[in-house]
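Enquirer: Quick one: the structure is below, questions incoming.
The values are calculated or read from the model by the stated rules, or taken from the named source; none is laboratory data. This one's a predicted model, so the numbers in the text were calculated from it and none came from an experiment. Cβ sites come from the backbone with ideal geometry, for glycine too, and all protein chains shown count toward neighbours. Please note that ligands, DNA and RNA were not included when accessible areas were found on the heavy atoms of the full protein model with its side chains. Shrake-Rupley method; radii C 1.70, N 1.55, O 1.52, S 1.80 Å.
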Amino acid sequence: MEFRHTDVVKTVGLRNAEAAAERREGARGVVAPAAPTGEGHTREAVVQLLLEQGPVTATAIGERLGLSPAGVRRHLDALIESGEARATRSAPWQQKGRGRPAKQFQLTAAGRGRLGHAYDDLAGAAMRQLREIGGQAAITDFARKRVATIVAGIDRLAQHSPETTAAKAREIAEAFTDAGFAASTRKVGAGVQICQHHCPVSHVAEEFPELCAAELEAFRELLGTHVQRLATIANGDCACTTHVPLVVPATSETTTPEEDESDAAAQPATASRNDSGRSAE
């Protein structure tokens, strides 16, 4: 049978057309579930693509998600700025054609951390098993040891004054930031607030409030005064907010329940649970 050059061209052309159709169909399959109805959904689609196919070029991202080059660049720049993605140059064997190697993008550890995973389910199952084996005391002991690890190296406040109390609160916030809680402090009225803007264990804490209670207990021990939790992420608030009075009564270390209620009533009205203590912002 005679084999002609035109047959090769037709065959190649047919294959290229089929491949293009498959790419278009694949792109529709990716775009459909992502449904970029807003910046957030589109950003999540980019993150998912980087997870599944990274390292990948910006051109490939645009083709798969149906985004313009400017749109891809906007999302990639935001992810890089937040530390969730990084850019690298393609290896020589990956380069197509001449010119500088194209940039490829991939997720960092921080970027992978924003994706859903089963760690919460595993932690919850482990906590339930611990309670079944050791009872409620085992849960409380575990929660206390966990917080003790976070604040290890922080000494108890030796002398109370507005300055030293505020400094100790900042030291506690820094320790919790290192543990992934994104904590900060700010002065509100006659006190200072420790604000934890993120909680790595919030889903588990919803079922096991002992985790939150152990944090509050550690705050009281280190600061040597009564502190009040105004809001928690586990309860649906946007931050865990703890109020620390800067003026400590002489009998603060032996407060009675009646005095505790009085302290709670004396908190500034701007630091209510509804706004998670963010009214000062």
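Enquirer: Please compute the length gained on full extension between GLU174 and GLN53, using 0.36 nm multiplied by the number of residues separating them and subtracting their Cα-Cα distance.
Expert: On the way: separation 121, 0.36 × 121 = 43.56 nm, distance 3.62 nm.
Extending this stretch completely gives an extra 39.9 nm.
Enquirer: Next question, about the same structure. Might you work out the accessible area of SER68 for me, using a 1.4 Å probe with all protein chains in place, and round it to the nearest 10 Å²?
Expert: About 60 Å², ignoring ligands and nucleic acids.
Enquirer: Can you work out the Karplus-derived ³J(HN,Hα) for every residue in region 194-205? Use 6.51 cos²θ - 1.76 cosθ + 1.60 with θ = phi - 60°, whole Hz, and x for glycine or proline.
Expert: Result, ordered by residue: 9, 10, 9, 7, 9, 10, x, 10, 4, 5, 6, 5 Hz.
Enquirer: Under a point spin-label approximation (7 Å from Cα along Cα-to-Cβ), what is the GLN136-VAL247 distance to one decimal in nm?
Expert: 3.8 nm
Enquirer: Let me ask something additional. Among rounded, prolate and oblate, which fits region 98-203 when a ≥ b ≥ c are the square roots of the eigenvalues of its C-alpha gyration tensor, a/c under 1.5 means rounded, and a/b larger than b/c means prolate? Let's see the in-between values first.
Expert: Values: a/c = 2.91, a/b = 1.23, b/c = 2.35.
Note, shape of region 98-203 comes out oblate.
Enquirer: A further question on this structure: Hey, if you put +1 on the Cβ of every Lys and Arg and -1 on every Asp and Glu Cβ in region 158-257, which of PRO162, ILE233, HIS243 ends up farthest toward the positive end of that dipole?
Expert: Of the listed residues, the answer is PRO162.
Enquirer: Now a separate question. Note the full-extension length gain between THR108 and ALA190 as 0.36 nm times their separation in residues minus their Cα-Cα distance, in nm to one decimal.
Expert: Numbers: separation 82, 0.36 × 82 = 29.52 nm, distance 4.19 nm.
That works out to 25.3 nm of additional length.
Enquirer: Let me make sure I get this right: for region 178-225, a, b and c are the square roots of the gyration tensor eigenvalues over alpha carbons, sorted descending. Under 1.5 in a/c it's rounded, otherwise prolate if a/b > b/c, else oblate. Which is it? Mind showing how you got there, number by number?
Expert: Numbers: a/c = 2.20, a/b = 1.44, b/c = 1.53.
Note, shape of region 178-225 comes out oblate.
Enquirer: A follow-up question, please. Mind running the shape call on region 143-190? Use the C-alpha gyration tensor, a ≥ b ≥ c as the square roots of the eigenvalues: rounded below 1.5 for a/c, prolate if a/b tops b/c, oblate otherwise. Intermediate values should be presented prior to the final figure.
Expert: On the way: a/c = 2.54, a/b = 1.43, b/c = 1.78.
Oblate.
Enquirer: Continuing with this model, one more query. Sort ILE61, ILE233, ILE80 by accessible area with a 1.4 Å probe, largest first.
Expert: Numbers: ILE61 0, ILE233 35, ILE80 65 Å².
Sorted descending by solvent-accessible area, the residues read ILE80, ILE233, ILE61.
Enquirer: Let me ask another. Skipping prolines and chain starts, which residues have an amide H placed within reach, meaning under 5 Å, of the one on VAL192, given they are 5 or more residues away or on another chain?
Expert: Sorted by chain and number, the residues that satisfy this are VAL244, LEU246.
Enquirer: Then there's this: Heavy atoms only, probe 1.4 Å: what % of the accessible area of region 193-246 goes to carbon and sulfur, would you let me know?
Expert: 53 percent
Enquirer: In terms of modelled amide H atoms, which long-range or inter-chain residues lie less than 5 Å from the amide H of LEU230?
Expert: Hits under the 5 Å cutoff: THR241, THR242, HIS243.
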